[in-house]
């Protein structure tokens, strides 16, 4: 509490001195002193995990000056139906936005432009897919960590004659 009072006193003193230094025509500029800058840095720019301020949340009772039951239906239950929503029966509707372009786009495209031209012209059977095999260097001998007789190709139909197996 003492920290809060000290903080408020410093804040009021700083603001009072700042306000008294201003001229009515705002031609004179107000500069902060080194003491004020250091004080602000100490109070507001703390790099530690500890806070200089303790925050208390005060819960006050709300007093309503009239009887609310008079304005509610008989047997009113504010929690009635709270968990009764069946989300499977609710239909979500996506509203499509119509985009209106307020200029002629044709002037920015080539003559006879067709955005769908050539869409189905690719013959995928003529495209050759090439897998690039790169040798990866792990920096240690992996065969030491595999069981004896380990064969990663066991059970596969492999046309390769040289199959890597563990030497251990």
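The values are calculated or read from the model by the stated rules, or taken from the named source; none is laboratory data. Please read these numbers as outputs of a predicted model, since none were measured by experiment.
Determine if the stretch 110-130 includes at least one residue that is under 41 Å from the mean Cα position of the chain (by Cα), assigned to a helix (DSSP H, G or I) and modelled with pLDDT of 85 or more. No: zero hits. For the residues 72, 79, 34, the requirement of being modelled with pLDDT of 85 or more and more than 35 Å from the chain's Cα centre (by Cα) singles out 72.
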